[in-house]
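**Q** The structure's right below; bear with me while I get my questions together.
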There are 2 protein chains.
Amino acid sequence: MKKPVGVITRPAGFAASGASAGIKTTPGVPDVAVLACETGASGAAVFTTNKVCAAPVKVSREHLLKSRGQVRAVVVNSGNANACTGKRGMRDARTMAALTGRLLDVPPESVLVASTGVIGQPLPMDRVETGIRRATETLSRDRKGGRRFARGIMTTDRFPKEAEASFTVSGKRVRLAGVVKGAGMIAPNMATMLAFVTTDARVTPSVLRRLLLRGVARSFNRITVDGHMSTNDTCVALASGASGVRVKSGRSGEKFAQALDEVLLRLALQIVRDGEGAVRVAEVQVKGARTDVEAELAARAIADSPLVKTALFGADPNWGRIVSAAGACGCAFTEEKTSLRIGRHLIYSSGRPRPASKAVMNAMKRERVTFLLDLGIGRGSSVVYTCDIGYDYVRLNAEYHT
Amino acid sequence: MKKPVGVITRPAGFAASGASAGIKTTPGVPDVAVLACETGASGAAVFTTNKVCAAPVKVSREHLLKSRGQVRAVVVNSGNANACTGKRGMRDARTMAALTGRLLDVPPESVLVASTGVIGQPLPMDRVETGIRRATETLSRDRKGGRRFARGIMTTDRFPKEAEASFTVSGKRVRLAGVVKGAGMIAPNMATMLAFVTTDARVTPSVLRRLLLRGVARSFNRITVDGHMSTNDTCVALASGASGVRVKSGRSGEKFAQALDEVLLRLALQIVRDGEGAVRVAEVQVKGARTDVEAELAARAIADSPLVKTALFGADPNWGRIVSAAGACGCAFTEEKTSLRIGRHLIYSSGRPRPASKAVMNAMKRERVTFLLDLGIGRGSSVVYTCDIGYDYVRLNAEYHT
């Protein structure tokens, strides 16, 4: 297990912590984490669209509305998702925010809540409360705090996932940092995705929300491990303004958007790489579709096909599975106009396969593979990232017991 | 390996055969099969809707149109799908029909063609032609012919799949029989679905087509092994009329439709049971949806979820994966109105799980499991049949090499 770097507290204005409260079964493992912004931050978030959605998601949505995006802290627990827990779950999520608010002396609605872990079981609130007390007492602005936070949100992750970026405007440096947990969107029992991004840019909640939505659409919404969406998925962005650089439109806005996109995509790709038991990531590019929507339909059909994913595991350049997944997905498609490249190597065109060279076989064996399907019809394009399905995927998901 | 019963020739008017031509790599295995109707039959067929579609599918479509549904024979080869083979593939499929027609002294357009096996490789036509000659020479009306036919169409099937049904109208017996090959719709490399149904009812091609479409919608289109549609999928029905019983509307039509549905569903369920490496079949029933379409959307989301399929393999009553697959699929959904039963046992209701009893654990271990999800909103319902994904699925599909 790699040690987290602790990047989340690098942008100015943030403090973080993590504590072990005994929610997870392994003793001593951190399972409560707090991220705070003393001066108050602009906050924006994107949540799961699953209609089965956990209490913390409902409470965080409420709080963002009530506080008009003025966020002072985020409290997270791992080991229990507080999902499918009825009214008691709602009460518990509210208690988590209220207690954190009281301890930090900020309004409860300025605190967001996130949970991840088993579903359908009530939170052990005495332990959670002890954890929150410990975490708020040890909040720290240095990397140590960031590291404890990164560890406190993890569940089945094989490695911590962090990314950062920075840019300068008129000689002033703006920092962004992000941490994510999740080994695929493979909820609901283990692997919710929780992402937290901090920045010291000065940006309004509404601009932050617009840029976050755009960035998530290009990153977390482009990855697929098994096409299953969690009840708890949450991506929060907080902007402290401590850099003094105002981000709105024009040059600073562009630079900020670019840096945010970069952080989100790097976090997203680490999730695919950690996709349960995965050994290989494929970037599925589709171009030449009638529209972008049709290109995405085809890219997702390929990325979610268990046949394509098992071929990826076996490092087999299986052009037939890729092309026929697209052919069946409903997009405009003409066999004769379609071509497929694996890496740079043409493997299918004019309705027929090309001999698979040694170079193609080698390209398939890399940790990262690119499939480029050109439908030869229009200008629509899309890209989706996926991973293989191997024996470990089956083991992890079949041997898990409710 | 079970021995086929050879039911396909039981309805009067049909003769069948199979021969070994060396198309498959294993020597001595039958790989060419012919089904003939001396007096001519009404024919109808349903083909793959994949836009990557094999030459024999294109030729059979053409022949059905040209002959106005007057079919004299079907010629099949296994071991090579004649898909993604360009112009040469079209020429080869036409040659298969023409040679069979010449040998049986019937017009080429009264012959349908089907192929299954590897894709992207030209047919070894000398061998195919030898096989067709051998098969037509040994056509037989008894079960032996039916058995050779059943064996000649198989590829990765672990067992032969046959079903029959009969009914009487005014004391006259009408027989229906069917044979299918395929271990899931898991094409394109191995497991195309080819289905052939014979009957001695007297029925026009247009009525037969209507009933076949309806029956396929309720059977083959309700099963999913990995959501992948083959380039070669074909379901042919032939009605010889030899029973003298005319089927049109009213009582005889109803009885016939019912018997046809029964044969098709029994064949379809055998495919799911044989889903590559599968140990367990799940019947996913959804009711209480806003519409039938939304019910089907939810049923398919559950049936195609790799998480649900691995839980099925592990015999885990994982209500969370089932309910959240439905919650994310886009259908109208309210957590509090939703309930889930595994077998007869309530396991989730009012937004919360119920304790999993010993009885539920036992229900999950059976060879056939029923999930009943009631969305509690409207009157829409649907059912989809699926199988588990286990280690053997990964082995079969990852170790296969193009």
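Every read-out reported here was derived from the displayed coordinates using simple, explicitly stated rules and does not represent laboratory data. Model, not experiment: these values are computed from the prediction. Glycine gets a Cβ as well: all are built from the backbone with ideal geometry, and neighbour counts include every protein chain shown.
**Q** Based on DSSP, what percent of beta bridges with both residues in the protein assembly as shown are antiparallel, to the nearest 5?
**A** Close to 70 percent.
**Q** What does the net charge come to around residue B:218 if you take all other residues with beta carbon closer than 14 Å to its beta carbon, with K and R at +1 and D and E at -1? Display every interim value, and only then the final one.
**A** Values: positive: B:210, B:214, B:222, B:266; negative: B:261, B:262, B:283, B:292, B:296.
Around residue B:218, the charge tally is -1.
**Q** Quick one: 3J(HN,Hα) in Hz for the stretch B:45-51, Karplus 6.51/-1.76/1.60 with θ = phi - 60°, rounded, Gly and Pro as x.
**A** Each residue's phi maps through the Karplus curve to give 8, 10, 10, 3, 9, 5, 6 Hz.
**Q** I would also like to ask the following. Based only on Cα atoms, what Rg/Rh ratio does the stretch A:208-340 have, Rh being taken as Kirkwood's radius?
**A** Numbers: Rg = 17.9 Å, Rh = 17.0 Å.
That ratio equals 1.05.
**Q** Also, quick follow-up: Taking every Cα atom in chain A, find the radius of gyration and the maximum pairwise distance Dmax, and write them in Å.
**A** Spelled out, the Cα radius of gyration and Dmax of chain A are 21.8, 68 Å.
**Q** I would also like to ask the following. If you count, for every residue in A:301-311, the Cβ atoms of partner chains within 10 Å of its Cβ, what is the mean? It would help to have the intermediate numbers written out before the result.
**A** Numbers: counts 2, 0, 0, 4, 4, 13, 16, 3, 5, 12, 6.
So the per-residue partner count for this stretch is 6.
**Q** Once the label point is set 7 Å along the Cα-to-beta-carbon vector, what list of distances in nm do you get between residue A:332 and its counterparts in the other copies?
**A** When each copy's label point is compared with this one, the spacings are 3.5 nm.
**Q** Considering only C-alpha atoms, what is the centroid distance from the stretch B:373-399 to the stretch A:202-264, in Å?
**A** 35 Å
**Q** Please state the relative contact order of chain A as a whole percent: Cα pairs under 8 Å, 6+ residues apart?
**A** Worked out over chain A, it gives 17 percent.
**Q** What's the exposure ranking of B:32, A:29, going from fewest to most Cβ atoms within 10 Å?
**A** By the 10 Å Cβ count, ascending: A:29, B:32.
**Q** If you take the alpha carbon radius of gyration of the protein assembly as shown and divide it by 2.2 N^0.38 Å, what ratio comes out, to two decimals?
**A** 1.05
**Q** Going by C-beta contacts inside 10 Å, put B:168, A:310 in order with the fewest on the left.
**A** B:168, A:310
**Q** Rounded to the nearest 500, what is the 222 nm mean residue ellipticity of chain A from helices alone, with -39500 (n - 2.57) per DSSP H run of 4+ residues and division by all residues? It would help to have the intermediate numbers written out before the result.
**A** Numbers: 11 runs with 138 residues, N = 402.
Mean residue ellipticity, 222 nm, calculated: -11000 deg cm²/dmol.
**Q** Partner chain Cβ atoms within 10 Å, averaged over the residues of B:385-398 - can you pull that number for me?
**A** Shielding by partners across B:385-398 averages 5.
**Q** Mind listing the long-range amide H neighbours of residue B:161? Cut-off is under 5 Å, sequence gap 5 or more, other chains count too, H placed in the peptide plane at 1.01 Å from N.
**A** Those lying under 5 Å, H to H, from residue B:161 are B:180.
**Q** Arranged by the count of other C-beta atoms within 10 angstrom, fewest first, what order do B:329, A:235 take?
**A** Numbers: B:329 20, A:235 27.
So the residues, fewest neighbours to most, are B:329, A:235.
**Q** Can you list the distances in nanometres, one decimal and ascending, from the residue B:248 label point to the identical position in each other copy, with the point 7 Å along Cα to Cβ?
**A** Distances to the matching label points in the other copies: 8.0 nm.
**Q** Let me ask something else. Measuring from a point 7 Å out along Cα→Cβ, what nm distances, shortest first, does residue B:361 have to its partners in the other copies?
**A** Result for residue B:361, in nm, nearest copy first: 4.8.
**Q** Taking θ as phi - 60°, what are the ³J(HN,Hα) couplings along the stretch A:270-281 by the Karplus curve (6.51, -1.76, 1.60), each to the nearest whole Hz, with x for Gly and Pro?
**A** 5, 5, 4, 4, 8, x, 3, x, 5, 10, 8, 10
**Q** Can I ask one more? Distance from the Cα centre of the stretch A:319-362 to that of the stretch B:39-79, in angstrom?
**A** 26 Å
**Q** Peptides B:297-303, B:136-142, A:335-341, A:285-291: what's the order by average Cβ count within 10 Å, highest mean first?
**A** My ranking of the peptides, most packed first, is B:297-303, A:285-291, A:335-341, B:136-142.
**Q** Could you list the square roots of 5 times each eigenvalue of the Cα gyration tensor of the stretch B:281-398, that is, the equivalent ellipsoid semi-axes, sorted largest first and rounded to whole Å?
**A** Working: eigenvalues 101, 57, 25 Å².
So the equivalent ellipsoid measures 22, 17, 11 Å along its semi-axes.
**Q** Ordered by residue, what ³J(HN,Hα) values in Hz, to whole numbers, does the stretch B:239-244 give under the Karplus form 6.51 cos²θ - 1.76 cosθ + 1.60, where θ = phi - 60° and Gly and Pro are x?
**A** 10, 7, x, 5, 6, x
**Q** Please say if the stretch A:1-146 is rounded, prolate or oblate, where rounded means a/c under 1.5 for a ≥ b ≥ c the square roots of the C-alpha gyration tensor eigenvalues, and otherwise the choice is prolate for a/b larger than b/c and oblate otherwise?
**A** Oblate, since a/c reaches 1.5 and b/c is not below a/b.
**Q** Students often get this wrong: which residues of the stretch B:3-25 have the backbone nitrogen under 15 Å from the point 7 angstrom along Cα-to-C-beta of residue B:126?
**A** Backbone N within reach: B:21-23.
**Q** Given charges of +1 on the Cβ of Lys and Arg and -1 on the Cβ of Asp and Glu, with all other atoms neutral, how large is the dipole of chain B about its Cα centre, in debye to the nearest 20? Intermediate values should be presented prior to the final figure.
**A** Working: 59 positive and 34 negative charges, 196 e Å.
The calculation lands at about 940 debye.
**Q** Near the amide H of residue B:369, under 5 Å away, which other amide H atoms are found, from residues 5 or more places off or on another chain, if H is placed in the peptide plane?
**A** Amide H neighbours of residue B:369, under 5 Å, 5+ apart: B:281, B:282, B:283.
**Q** Are there any trypsin sites (Lys or Arg not before Pro) in the stretch A:200-264 that are in a DSSP loop and have at most 16 other Cβ atoms within 10 Å? List them by number.
**A** Answer by residue number: A:248.
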